[in-house]
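Here is the structure we will look at.
Just so you know, all these numbers are worked out from the coordinates, no wet-lab data involved. None of these values were measured; they are calculated from a predicted model. Here the Cβ is made from the backbone with ideal geometry for all residues, glycine too, and neighbour counts use every protein chain on show.
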Amino acid sequence: MQPINSLKKIGILIGALTVGAVGTVTFVSEKQTPAPILANNTTSTTSLKTTTKIPTTTGTPATTSKKSVWNYFSDDEEGDDEGSSRTPAAPTTPPPAATIPKNYVAIFKNGTYTANGVYNSPGGQDEIAVTVTLANDIITDATVTSVRADRTSLRYQDKFIAGYKQYVVGQNINSVNLTVVSGSSLTPEGFNAALAKIKAQAKV
């Protein structure tokens, strides 16, 4: 009888160990992949990776330095700003026409004069041609044409050409010194350079 009892005890012990091992494996498996219980007591089949947050990196994008260069040479008007950070605001109204006092002695000879003005822009060296007509030192007419410019500078030159006359025609040539015209701040530098040459040509 004792051998039989011993076998029974060994069998019970092995069975208990087997159940414990299965329970442990089940517990570890459930610990690793928990399945949330929904409101209707059904188990969700959504994978855990759908709730995993991927860490993001911080820092300055690598394309930041390229953007400013692209803005200058692109057709995006909002991205272009030709030297506005170092120039004063454009005048809101044109100056009144100059008057010639009695017994005025002209400093410059009457006539029509032409000169080119060169200036630097972010795209390189640009150039415009300026022609003015003088009568008793008053500019009675003026024309400006583009000579050399890249795509962006040409756009600013066109803006300047469309709006500069109201600040020039009717003014004494000695009082004309343009800063910002129609949003263009560098083209006026070329105009002023050309005007200086014209003064030298027309000097009495």
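For the reader, a short list of remarks on this structure follows.
- Whether region 97-202 is rounded, prolate or oblate, judged on the alpha carbon gyration tensor where a/c under 1.5 counts as rounded: prolate
- Potential lengthening of the chain between GLN125 and ALA200 amounts to 24.7 nm, from the contour at 0.36 nm per residue minus the alpha-carbon distance.
- Taking 0.36 nm per residue of separation and subtracting the current Cα-Cα distance, fully stretching the chain between VAL105 and VAL118 would add 1.6 nm.
- Ordering SER153, SER185 from the fewest to the most neighbouring beta carbons within 10 Å gives SER185, SER153.
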